[in-house]
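Note sheet for the following structure.
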Amino acid sequence: MVAHSGVSLVLRSVVFILLLAALVSAGSALAQDSPVEEEPSRPPDATATPSGAGLTGAVQDLATLGGPDALLCRPSGQGPFPTVVWAHGRVSDRATFERARSRGWPTLCAGLASRGFLTLFPIRDFEHGVGPANIPYNVSELTQSIEYARGIVDADPSRLAVVGHSRGSLLGLLVGLERRDLRALVLTAPADIPPYFSQAASRVQELTAPVLLMVEESDEEGGVAAVTALDRALHERGKDVRTIVYNRGGGHYLFSRVDYWWDDLVAFLREKLA
């Protein structure tokens, strides 16, 4: 009887270890399946309400109201509010696009609203957001979004900024060269898309908005070289530019989520949109 009990105990232990290993393996598989781009690291620290809608909630999808394909996040309190238009990065596949639209981009939008900025987050058409040939089309889309933002209830068009990431940074730079109503321009890990990036870098003397350049040193998409080139061009022309190169990890997609860089973004926007 003692020997039989010992065998049973050993068998139960083996079964338990096998089950535990299976659970650990499943957890690892789920972790590897997380979206690569535009995935939030944590929820925003407050909620916002859509401008003029009288509803509560962090994010308003304007397309559901017959408006443009964009997210709108309004701070709590009384406006008018400093206003930010966010130009997102390129998304390479439909599945990631849908995850970014439902999870990552709303977090960025609501995160800025929680810090007091009325935020318009236009969503570029997936089919038009891939090749270099579509850059002029994307610039036109962003220009239209800025004009729309200027007319939003509670927006303050005299305190207007554009924030861009990757491809969105290049679009923000191109738009910034043509506008005189921007009070701040934030470019994170800009995409060097020929010939548009080099052409824009050669025209930075036309910029009137203060610029914040941000990149993480392990950027795997050429963002460090692009930031270095822009930083040099802007300084050579005596422009108001601030450059931050992080070394705390995250690479190119650090700026697709609320993370340790967020406070620097908010501080710059508060300074320039005060």
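Tabulated results
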quantity	calculated
Calculated P(r) of region 34-272 - Cα pairs past 24 Å, %	39
Protection proxy ranking of 65-76, 146-157 - average other beta-carbon atoms within 10 Å, highest first	65-76, 146-157
Alpha carbon centroid spacing (whole Å) that separates region 197-274 from region 154-171	13
Ordering of 90-98, 220-228, 180-188 by packing [mean C-beta count within 10 Å, highest first]	180-188, 220-228, 90-98
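Taken together, the values in this text are just the output of simple stated rules run on the coordinates, not laboratory data. Not measured: the values here are computed from a predicted model. Glycine also receives a Cβ, built like all others from the backbone with ideal geometry; neighbour counts cover every protein chain displayed.
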